[in-house]
Structure formats: C-alpha cells, structure tokens
Amino acid sequence: MKINLITLGCPKNIVDSEFIKGGLKTCGVEFVNEAKGAEAVIINTCGFIESAKEESIDTILQAVQLKKLGKIKNVYVTGCLSERYGTELRQEIPEVDGFYGNRDMHKIVAGLAQQLRLKYELVGEHPARAGLTPKHYAYLKISEGCEHPCTFCAIPGIRGNFRSTPIPDLVAQTERLAAHDVKELILVAQDTTQYGLDLNGKQQLPELLRALCRVDGIEWIRLMYAYPYHVQTAMLEVIAEEPKIVKYIDMPIQHISSRLLKRMARRVDRAFTENLLAQMRASIPELALRTSVIVGFPGETDEDFHELLDFVAEGNFERLGVFTYSPEENTPAWGLPNQIAEEIKRERYDLLMQTQQQVAAEWSAKQVGRRLPVLIDEYDAAAQAYRGRTAWDCPEIDHNVLLRALPPAKKSTAALVGAFCEVEVVAAQDYDLIAVPTRRPHSYSSPAPVQERGGIKYLLYQGQPVES
Ligand code: SF4
C-alpha cells in the first residue's frame, strides 16, 4: 500500500509524522512523495494561528478533491487542527475518512492501521520512527504540551498538559538516531527549559543535556524554544562547558515592552529580559541568540512597537523571527480591546524584518576572514556548490553558508552531505556567508581519514574516497 504523508507546521509536528510514518512502515506501507499513485493521503495539520489553519484546510480540501475525482481512495487528517476543531471538521468535511488528534501516537497509528485494514503491533513506548528530515539531523521532542498562561497562545488547549519524556527514553531515542547517522540533534518542546519539572518537581534540562552529550556519533546538540522565565544558571553552564552543545539558543521573548509583556502574561518584564540576556552572553562566549516576537498584539501602541524596534536595532539577536498577532478563540487575548488593524501589523512586521536584515548583514560581515566548522546540508545544483550551516544556524530557519571550491556533486562526492567541513569565510551576502574549505570534509570529532592507493592519498568519508 502506498501512502502520501503531508506534514504541516513546526518541528514538533515533524516528529509526530515520523512516528506515523515509522509505525505504518512496520505494517508494510510504502510512503510516496506525491498523492499521484498513492492509495491514501494523510495530512498532519497545524492549527495554532490563522495562516496555519488556512493552509491546513486548503491542503485537506485539495486531497478531498482528489478523492472525489477517484485519484485516491482515502483521506485522513491528524495533528493540531483536528485536535482543536475535530467536531467542526467532521461536520464540515465529511469526505475525510478519519480525524485523529496529536496526543497518543501509538493510538493514532493503531487507528489509521485499522482503517487501512493493516495489522499494527504496539511495541515499546512509541511507534517506530522513520526520518523526514535530511539524514544528518533530527529533532528530539523532549516534552509535550504546555501549561503557561501566555494570553495569545492556543497551544495549551491543543497540545494538553506539560509532560516530559524521561531521560533514559530520550537517550535511547538519541542512540537510535545516532545509529542512523544523525549528527545534529535539535531539542524541541513547547518549553524546553521546563523539562523534568513534572517528573520530580525539578528542572532537569542540564542533566538531560549532559546525558545526550555522551551519545557517540552525535556531534552537535541545539536547544530550541527556551522560555525566559525558566532559564537557569545550571543550564547556561552546561551549554558553555559541553563542546557538543552549539553556542546557540532559541528563546522567544515575544516583546520587550514591559506593558505588553504583562498583557501577554509572560511573567517577565524588560528589566528581567535585559538581565537574562546579559547573563547568557557573559556565561557563553560567542553565543548566537535567536528569538521570535509578536507585532500587533492588542493594545500595542506606536511607542511599544518602537521600543521593540529599537531593541532589535541594537543587535540584541543574531537571528529573529517575527509573527503578526493572530486572534485565537479560547485564548484570553481573543476578547481584548484595541485590536490592531491588519495593515498596521503588516507595516510593523516589514519594518522589523528590514531592521533585522541590517543587523544580520553586519553580523555576517564580521565573520569574513574567520575559520569555522560548517555542516554540509545539500548540493545546490543551480549554484553548483554545496550549502551548509555554521553552528549558529538552525536548519530551515537560519542562515546558509555557500561552499565554493569543493568538487561538484557526483556519485563519489554525494557523501559530502552530512559531513563537517572547516571553512574560511571569504564574503558575506546579507544573511548568508560564502566560504572555501580549509580542510577537507571530515567527521567532526575525528580527523579526516585518508587512504593511500597507488601512491595517491585519498580522503575518505563514510568509507568512500571523495577527493584525491
Ligand atoms: S510558553 Fe509557548 S506554547 Fe506555552 S503558552 Fe506560552 S507561547 Fe504558548
């Protein structure tokens, strides 16, 4: 049986899709990249803001259309949108054969398998996992759910109470990923810093990070979605001390105006945030900070917005994501007065992005002449060059390094994807860097292995000669 699995939304949803894919693969399902030729389409949806909901509904309707035309037999919907609006969706789109939420992956896979008339065996804590990201990196979901009171956010209602996965389970998952050649592990959750609090009343992120650093084969560990209120000194110490943990933290601050932070119920104010940022930078040399902010929250005045704009212009963040506020039902901010017009939100968004572009360009220019390790992500045929990332860049959302002067991709060099390469940065282009290798690509923790054949030295990567 061939199935087309479509994943929308964030990395946490990617992990869920990987369990759906892995679980159904154990029943003999083959996954294909297009609906064409597939028997069924599964759409793992996102539903936390308006644009995400629209995208999810459009995708479901397109699949339903294919079903009506007889091109596919079944359509199934999983994930956040159906968790949030299951009842409404069942009524509005009855052509969908099954709606599932996002709470228990074993149950979801078992339900899908039953509907598809497949035999699924519940083995272990989770279904088997089959990767959807490039082989060399993977997301590790360390906890699920959120109980914070942020007034704009629908996630607690969608993903449920906060619950952490115990350390031994996460280490076992990481060992399995490392055995499949994953080199970079990206820790995700709704709030990674709260990790463990529900297990024994103590935040255990430092212990978890230390345990993950001991897994052989994992070379970079990256922390996403830190929550300012929960950042601990012990966590910063571990990040500073452990060489495998990249000096990069994603910590959404949402705003800098104390007035707005209070309306958002973020439990911190400007002074707290500034002190925390100073402590983070003092504890971790060469830290790259990524944040995300919301513009157009109800009651955001020009003054509030300019406070945020100035804060970003000061270069407080190497990386930045901006969202326009989306009013969400069943959130406290839904009914707040002084909602902001969409065109003002858009103007604020554009202004903030332009400002950050300048900050990023200055940061990139400062890297010219430096020697840095880069993880090679792909071969860009149009640019005829490999693309990679520095340790200060998360896949998909951050910057790229274009690697000149490596041999073009062909069979023998395809193995360069997923290799580490030391480079010298020779130029900067806005967000991105241009670099040339100073050493041949290698496995990060061990020097590049070399094999001599007929008096010629070949560099080996994953057992293959890649360059003489
Ligand atoms: S911490 Fe994040 S997921 Fe939790 S309520 Fe706040 S914004 Fe939403």
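Within region 216-239, restricting attention to residues that are of a type outside the set (Gly, Ala, Ser) and under 19 Å from residue 419 (Cβ atoms), the residue that is nearest to the chain's Cα centre (by Cα) is 222. Of the numbered criteria (1) touching a helix residue (DSSP H, G or I) at 6+ places or on another chain (Cβ under 6 Å); (2) farther than 24 Å from residue 154 by Cβ; (3) β-branched (Val, Ile, Thr), the one residue 45 fails is (2). Taking region 374-468 and the strands (runs of 3 or more DSSP E) fully enclosed by it, the elements with 1 or more residues that are among the small types (Gly, Ala, Ser) and at pLDDT 85 or above are at 385-390, 420-429, 432-437. Against the list (1) within 16 Å of the ligand (Cβ to nearest atom); (2) part of a helix (DSSP H, G or I), the condition residue 114 fails is (1).
Screening residue 176 with (1) within 16 Å of the ligand (Cβ to nearest atom); (2) surrounded by fewer than 21 Cβ atoms within 10 Å (Cβ to Cβ); (3) of a type in the set (Lys, Arg) gives one miss only, at (1).
Could you list, in sequence order, the residues of region 156-173 that are within 9 Å of the ligand (Cβ to nearest atom) and either at positive phi or surrounded by fewer than 22 Cβ atoms within 10 Å (Cβ to Cβ) (or both)? If the condition is that a residue be within 9 Å of the ligand (Cβ to nearest atom) and either at positive phi or surrounded by fewer than 22 Cβ atoms within 10 Å (Cβ to Cβ) (or both), then 156, 162 are the ones that fit. Residue 225 passes every criterion in (1) within 14 Å of the ligand (Cβ to nearest atom); (2) within 24 Å of residue 288 (Cβ to Cβ); (3) part of a helix (DSSP H, G or I) apart from (3). Annotation note: Cβ proximity below 8 Å between a residue of region 394-422 that is not assigned by TED's automatic domain parsing to the domain that holds residue 378 and β-branched (Val, Ile, Thr) and a residue that is exposed (fewer than 14 other Cβ atoms within 10 Å of the Cβ) and modelled with pLDDT under 85 (sequence gap 6+ or interchain) occurs for no pair. Inclusion of residue 39 among residues that are modelled with pLDDT of 95 or more and either within 22 Å of the chain's Cα centre (by Cα) or more than 30 Å from residue 326 (Cβ to Cβ) (or both) is warranted. When every residue of region 95-106 is checked against the conditions, at least one turns out to be more than 16 Å from the ligand (Cβ to nearest atom), over 27 Å from residue 331 (Cα atoms) and assigned to a helix (DSSP H, G or I). Scanning region 310-344 for residues that are assigned to a loop (DSSP other than H, G, I, E, B) and polar (S, T, N, Q) yields 316, 326, 330, 331, 338, 339.
Residue-level check: of (1) in a loop (DSSP other than H, G, I, E, B); (2) within 16 Å of the ligand (Cβ to nearest atom); (3) in contact (Cβ under 8 Å) with a residue 40 or more places away in the chain, residue 193 misses just (1). In region 137-147, the residue that is farthest from the ligand (Cβ to nearest atom) out of those that are in a loop (DSSP other than H, G, I, E, B) and modelled with pLDDT of 95 or more is 142. For the structure I just gave you, tell me whether residue 131 is closer than 24 Å to residue 2 by Cβ, away from the ligand (no atom under 16 Å from the Cβ) and either in contact (Cβ under 8 Å) with a residue 60 or more places away in the chain or crowded, with 18+ Cβ neighbours inside 10 Å (or both). So residue 131 fits the description; yes.
Given the condition within 16 Å of the ligand (Cβ to nearest atom) and crowded, with 22+ Cβ neighbours inside 10 Å, answer yes or no: does some residue in region 265-283 qualify? Yes: one or more hits. Only one of the numbered conditions (1) assigned to a loop (DSSP other than H, G, I, E, B); (2) buried (at least 19 other Cβ atoms within 10 Å of the Cβ); (3) more than 16 Å from the ligand (Cβ to nearest atom) is not met by residue 216, and that is (2).
The values are calculated or read from the model by the stated rules, or taken from the named source; none is laboratory data. The model shown is predicted, which means the values in this text are computed figures rather than measured ones. Every residue, glycine as well, gets a Cβ built from its backbone with ideal geometry; the counts of neighbours run over all protein chains shown.
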